[in-house]
Amino acid sequence: MSEIEHTVQLIYASRIAKGCGPKDLEAILDVSRKNNPSIGVTGALCYSARGFLQCLEGSRAAVNALYRRIVQDERNEDITLISYEQVTERTFGQWSMAYVRADGVDGRILNKHKVEEDFDPFTVTPKQAIGLLRDMARERAAFLARQQKAE
Ligand SMILES: Cc1cc2nc3c(=O)[nH]c(=O)nc-3n(C[C@H](O)[C@H](O)[C@H](O)COP(=O)(O)O)c2cc1C
């Protein structure tokens with residue numbers, strides 16, 4: 001059987017391990033932005049008080065291998081898969097890893113997806129998860145563009 005390169009999109013939730021602070025978060029984002037372009041992975045990572053919500057997209061092999069590494073990463077725990085599916089198009093194609101925070105997001109985005117600011121990433125549906133991450137990343141991109149323009 002020939003191996004066709006599918007693009008897959010994986011979304012999971014995890015708890016932030018005790019002792020995982022701002023410095024660890026910075027290190028996670030640094031390594032993601034360094035590694036992901038070379039393995040063809042794009043995505044978004046949402047930090048909320050109740051845990052992480054992350055979407056990884058890329059080839060099945062790259063996404064699976066990265067997911068295995070994250071499962072073993074002691075900075076997070078109780079990883080729970082929310083969705084895993086083949087997609088025809090990436091949602092976060094322009095991001096090596098978009099970083100968004102639930103506590104800094106426009107309330108209208110949370111309302112639109114029917115979640116609270118302190119929403120528990122473990123309780124969102126696959127549809128809510130991708131919608132939230134997509135809209136939060138869009139808001140972040142618009143913010144960064146405005147900031148760049150002002151400079
Ligand atoms: C919540 C979370 C998200 C992460 N996301 C990524 C990612 O998108 N890309 C990445 O390369 N590493 C990510 N990591 C870090 C990996 O677990 C791992 O430390 C890193 O890829 C380096 O792996 P290595 O030491 O085996 O090279 C993440 C870790 C956590 C806890």
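Numerical summary
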| read-out | value |
| --- | --- |
| Cross-link reach list, lysines versus Lys34, counting only Cα pairs under 22 Å and skipping chain neighbours closer than eight places | Lys23 |
| Peptides 73-81, 46-54 ordered by average Cβ neighbours within 10 Å, highest first | 46-54, 73-81 |
| Contact order normalised by residue count of the range 7-150, Cα under 8 Å, 6+ apart, percent | 34 percent |
| Over the range 7-150, equivalent-ellipsoid semi-axes from the Cα gyration tensor in Å | 20, 18, 17 |
| Percent antiparallel among DSSP beta bridges (both partners in the range 16-151, rounded to 5) | 65 percent |
| Length gained when the stretch Val71-Glu26 is fully extended (0.36 nm per residue, less Cα-Cα span) | 14.4 nm |
| Net +/- balance of residues flanking Ser96 in space, Cβ distance below 14 Å, scoring K and R +1, D and E -1 | +2 |
| Additional length obtainable on full extension of the chain from Arg108 to Ile39, 0.36 nm per residue less Cα span | 21.4 nm |
| Over the chain: helical MRE at 222 nm, DSSP H runs n ≥ 4 each giving -39500 (n - 2.57), nearest 500 | -13500 deg cm²/dmol |
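Read the figures in this text as sums done on the coordinates, not as results from a lab. Note that the structure is a prediction, hence the values are computed from the model and not measured. Here Cβ is always computed from backbone atoms with ideal geometry, including for glycine, and neighbour counts include all displayed protein chains.
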